[in-house]
Each structure stands twice: as C-alpha cells, then as structure tokens.
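Take a look at the structure below.
A short reminder: the numbers here are calculations on the coordinates, not readings from a lab. Keep in mind the model is a prediction, meaning the values are calculated, not measured. For neighbour counting, all protein chains shown are included, and Cβ atoms are generated from backbone atoms with ideal geometry for every residue, glycine included.
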Amino acid sequence: MRPSDLDPSFISHAPGYWTHEEMSRWSDYKWQLRNRVDSLNELESRLRLSDVERAGVLLAGNKLAMSITPHFFNLIDPEDPDCPIRRQVIPRLEEGWNAPEELSDPCGEDSHMPVPGLVHRYPDRVLFLVTDRCASYCRYCTRSRVVSGVGEQHLETQWEAAFRYLERTPQVRDVLLSGGDPLLFPDDRLDRILTRLRSIPHIQFVRIGSRIPIFLPQRITPELCEMLRKHHPLFISIHTNHPRELTTEVRDALGRLADAGIPLGNQSVLLRGVNDSVEIQKALVHKLLMCRVRPYYLYQCDLINGSSHLRTPVSEGVEIIEGLRGHTTGYAIPQFVIDGPGGGGKIPINPNYMVESVPGKVTLRNFEGKIFEYPDPSMIPTEVRRSLEEQAFTAAP
Ligand SMILES: *Cc1c(COP(=O)(O)O)cnc(C)c1O
C-alpha cells in the first residue's frame with residue numbers, strides 16, 4: 001500500500017505516461033476515448049508487463065476486451081507490480097481459468113428478461129441494459145458475457161419492446177439504466193431515452209449506473225449536466241474501488257453532477273489486492289463524502305468466470321463493515337451485499353451485533369465490544385392504569 005493512498009487530499013496524475021503536448025487535448029473526452037490503451041503494443045510501450053499480464057492480454061481478445069482511458073491509466077504506479085489500479089484493468093493469465101463455482105451469468109439475468117435488455121427481478125424496479133460498451137473494462141465485470149463486444153454473447157436491447165413493456169407494467173416505478181455505460185451515449189441520445197421514460201406516468205424514479213465519472217471525468221461536461229437536470233428526480237450510482245481513483249478531475253466532475261442536483265451513490269466491489277483492507281476502504285469512503293457521494297453498496301465479487309484471483313472470502317467483507325461501523329461517520333458506511341448466485345438479487349450481509357435474543361430482551365454488543373441489554377416494552381400494570389384513570393376523572397373540568 002502506498003502511504004499517499006491513505007492521504008485524504010486530491011491530486012491530478014496528469015500528464016503521467018503522456019507528454020505535455022498531448023495535455024492540451026487531455027480534457028477533451030473524445031481524445032481520451034480515441035487514445036485508450038487497447039493493444040499489447042500500446043500497453044508495453046508505456047509499462048513493463050509481467051509474464052502473467054502479457055498472457056492475460058493475449059487471452060483477453062476473445063473474452064472481455066482490454067481498454068483503458070489515458071486518464072485512468074495514469075493512476076497505475078509503474079514501480080508497483082501489485083498496483084491496485086492495474087489489477088482492475090490489465091488482464092491476467094488467471095482470467096483464462098473458470099473455477100468450478102463460476103458462471104457466465106452469475107446473477108441469473110438472462111433468465112429474468114421479459115424483453116431482451118430489460119431485467120425485471122424485483123417487483124417494482126427494472127434494470128435496463130442500454131449498451132454493451134464502457135470507457136474502460138473492469139476485469140471482474142459481472143456482464144463480461146455481453147460487454148465489450150468480443151465475448152460469447154451479444155447484447156440485443158430491443159428498445160421499442162422495452163419501452164412498451166414499461167408502459168404496460170404499472171408496478172415498475174424505478175428504472176435503472178446500466179449496461180455497459182449509459183453515459184457513453186451522446187447527450188441527445190440520452191436525452192431522448194430519458195424523455196421517453198419520463199413520459200411514462202408510473203415511473204417515479206430513474207437512475208443511471210456509470211463508471212464514466214471515474215474512467216472519463218472529462219465526459220461530465222456542463223452541457224451533459226444541464227441536460228440531465230431536466231429529468232429529475234434522477235440519481236447516479238458511480239463505481240469506484242480505491243481512493244487513488246478520486247483525483248482532482250474526478251472530484252470536479254462529481255461536483256458538477258452534485259451541483260446539477262443529482263444525488264450520488266457509490267457501488268464498490270470488494271477485490272483481492274485492490275481494496276481488501278479496512279484502511280483502504282476507510283480512505284475511500286472518506287474521500288467519497290468529500291465529493292458529496294454517499295457510499296451505497298459494497299459488493300462481494302460475483303462468481304464471474306475467471307475471477308477467482310480477485311475474489312475474497314465473505315468474512316473479509318464483514319470485517320470491513322465492522323471496522324467502519326461506529327469507527328466513522330454513519331453516512332460513510334455502505335451496505336455489504338452478495339448478489340445471490342443464479343438470480344437471488346442483492347442479499348444484505350451484516351456483522352452480528354445481536355449476541356443473544358431471548359423472550360423479553362436482546363443482548364447486544366457495540367463497536368467496542370461492550371455488552372448492552374435492550375428489554376422489550378413493559379405492560380402498564382392494571383392498578384397504575386386505574387389510578388391514572390381516577391386522577392384524570394377528578395381533574396376533568
Ligand atoms: C441491483 C439491481 C437493481 C437495483 O437494486 P437496488 O437495491 O434498488 O439498488 C434492480 N434490478 C436488478 C436486476 C439489479 O441487479
């Protein structure tokens with residue numbers, strides 16, 4: 001762990017691996033997209049790879065593409081072979097092995113689609129997969145079967161059928177746009193999608209799941225924010241895993257979204273060698289609060305094919321939550337969840353603070369391990385009730 005990763009200050013990592021001339025175009029998100037690191041050649045021209053990584057890159061081409069924006073690439077520490085940033089985006093040989101417990105569709109989404117692209121698992125809300133492309137690809141992507149366009153399946157969102165399903169399904173009051181990354185769409189296209197959703201009276205709440213503020217903060221333009229604010233109430237869930245990801249550029253992009261009145265939440269994935277410690281998680285959630293982002297979920301890594309080197313035992317997530325609760329701001333603490341393999345939905349996992357429960361009382365422990373008893377409510381004794389009734393009667397005007 002780099003000591004600076006625990007430092008709450010925000011820094012820019014540019015120009016980093018790029019030259020000062022290229023910096024003139026650094027804040028142009030189209031330049032960032034055009035200059036993504038997406039081949040072995042480009043990667044090796046900037047960074048010394050291990051054999052395990054070189055094998056991973058060569059194998060990634062038919063599974064989940066590699067693509068890294070210059071902005072995010074700059075967070076990689078060239079001196080650190082175990083850098084938590086490179087583990088998230090540079091493929092490794094281990095990705096090529098599917099452990100026996102792993103699945104290509106770990107959350108059972110394909111079997112919960114009434115229309116291709118629309119996952120309807122919970123009674124009142126849907127997950128709308130609007131694109132299969134992202135600004136960069138996370139190696140532990142839960143939708144690697146469809147995302148990036150090189151995997152075993154293709155995402156075929158049926159737009160008109162999906163909108164008609166939503167129109168005739170009044171129990172859906174909440175639509176979550178995800179993918180892929182919806183903020184990769186041009187403003188006018190996103191505007192049309194949000195306008196169509198907003199024209200459905202029973203849809204009360206719309207949110208977008210996006211890692212663009214982290215991978216490509218330059219995309220969060222004032223024009224995008226002006227468009228989004230027309231569609232309130234609109235929430236955005238970002239995805240960040242490590243405090244180094246919260247740079248000055250990211251902080252400013254998140255500030256623009258917050259200033260547009262968009263409530264922001266963060267979803268992290270607990271990853272081995274990336275953020276599997278209380279210190280890193282605490283530094284992350286503190287920086288998120290400084291960016292006006294409320295930590296929302298901490299996910300146990302899904303049983304995605306080729307992810308065993310990135311997954312942790314469930315007990316580590318519980319220890320992290322115990323290390324946060326009581327020790328820091330309540331607003332900073334995410335809910336730890338496991339997406340039930342095969343389609344169970346998000347299941348909350350909590351440390352057990354209730355030591356014992358017997359008729360009449362529970363025994364609790366606090367964050368310091370001290371024991372407290374909380375009794376059930378007592379019944380008012382009959383003679384007290386009578387006496388109070390008498391007092392009230394004599395006091396009557
Ligand atoms: C995560 C998810 C949602 C949203 O769940 P919340 O707990 O409301 O954030 C909705 N549908 C699907 C299929 C999901 O995976």
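One table, with the values for the structure above:
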item	result
Rounded to 5, percent antiparallel among DSSP beta bridges of the range 319-369	90 percent
Contour excess over end-to-end distance, with Cα ends at HIS327 and ASP77 and 0.36 nm allotted per residue	87.0 nm
The chain - mean residue ellipticity at 222 nm from DSSP helices (-39,500 (n - 2.57) per run, n ≥ 4, rounded to 500)	-8000 deg cm²/dmol
Long-range HN-HN contacts of GLY343 with modeled amide H, under 5 Å	GLY108
Volume of the Cα convex hull of the chain, divided per residue and given in Å³	205 Å³
Under Karplus coefficients 6.51, -1.76 and 1.60, residue-wise ³J(HN,Hα) of the range 255-269 in Hz, glycine/proline x	x, 5, 5, 5, 5, 7, x, 8, x, 10, x, 10, 10, 10, 10
Nearest-ten-degree value, helix 278-290 long axis tilted from longest Cα axis of the chain	90 degrees
Per-bin percent of Cα-Cα distances, the range 354-395 [10 Å]	25, 27, 18, 19, 11, 0
Karplus-derived HN-Hα couplings along the range 206-212 (A = 6.51, B = -1.76, C = 1.60, θ = phi - 60°), whole Hz, x at Gly and Pro	10, 9, 10, x, 8, 9, 4
Of MET290, MET379, MET66, the one that fluctuates the most in a GNM where the chain has Cα springs shorter than 10 Å	MET379
Choice from LEU177, LEU40, LEU303 with maximal GNM fluctuation in the chain (Cα, 10 Å cutoff)	LEU40
Extended-chain gain in nm, criterion 0.36 nm per residue less alpha-carbon gap, LYS346 and ILE380	8.1 nm
Relative contact order of the range 3-92, pairs being alpha-carbon contacts under 8 Å that are 6 or more residues apart, as %	33 percent
Hull volume in cubic angstrom per residue (convex hull over the Cα atoms of the range 187-299)	97 Å³
Crossing angle, helix 314-324 versus the chain [Cα axis fit, 0-90 degrees, rounded to tens]	70 degrees
Out-of-range pairs (alpha-carbon distance over 30 Å; input LYS63/LYS287; LYS63/LYS282; LYS282/LYS370)	LYS63/LYS287; LYS63/LYS282
Net charge of Cβ neighbours under 11 Å - reference ARG173; Lys, Arg +1; Asp, Glu -1	-1
Over the chain, relative contact order from alpha-carbon pairs under 8 Å, at least 6 apart, %	15 percent
Formal net charge of residues neighbouring ASN41 (Cβ-Cβ distance under 15 Å; K, R +1; D, E -1)	0
Cα lying deepest toward the dipole's positive end in the range 110-348, options ILE236, THR247, GLY306, charges on Cβ	ILE236
Longest DSSP-loop-exposure-free segment, GluC sites (Glu not before Pro), the chain, at most 16 other Cβ within 10 Å	157-367
DSSP-defined antiparallel bridges as percent of all bridges, the chain, nearest 5	40 percent
